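Enquirer: Pasting a structure below so you can have a look.
The values are calculated or read from the model by the stated rules, or taken from the named source; none is laboratory data. Not measured: the values here are computed from a predicted model. Neighbour counts are summed over all protein chains in view; Cβ atoms, including those assigned to glycine, are modelled from backbone coordinates with ideal geometry.
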Amino acid sequence: MTRGLARGLGARRITANLVQPGPVDTERNPADGLDAEATRSPLAIARHGTPEEVASLVAYLASHDASFVTGATYNMDGGWSA
């Protein structure tokens, strides 16, 4: 879907990208919660991400600096999918 949107909207200079975060330390998914160790065990980087890390990538993709980036998928998951 992301690639289709990128192709369909590119002529209008609209970009479409996908950010797929893994475990992120939030109130509903705390890094020190009951299931946290099980969540971290398959990660290459054995920690939860932070909301700020996810926001940083999204801010970059929304910026003029990323105006040529479209149709991309970013697995921001600490290596879960590696």
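Enquirer: Taking only pairs six or more apart or across chains, which ones have beta-carbon atoms under 6 Å, a first residue in region 55-82 that is at pLDDT below 95, and a second residue that is assigned to a loop (DSSP other than H, G, I, E, B) and surrounded by 11 or more Cβ atoms within 10 Å (Cβ to Cβ)?
Expert: The qualifying pairs are Trp80/Gly22; Trp80/Pro42; Trp80/Leu43.
Enquirer: Pick from region 10-50 the residues that are exposed (fewer than 13 other Cβ atoms within 10 Å of the Cβ) and not in a loop (DSSP other than H, G, I, E, B): which of them is nearest to the chain's Cα centre (by Cα)?
Expert: Gln20
Enquirer: Ala55 is checked against (1) in contact with a helix residue (DSSP H, G or I) (Cβ under 6 Å, 6 or more places away or on another chain); (2) of a type in the set (Gly, Ala, Ser); (3) over 17 Å from Gly79 (Cα atoms) and fails just one. What number does that condition carry?
Expert: (1)
Enquirer: Still on this structure, I have one more. Taking Val69 as meeting all but one of (1) more than 28 Å from Gly10 (Cβ to Cβ); (2) outside any helix (DSSP H, G or I), write down the number of the exception.
Expert: (1)
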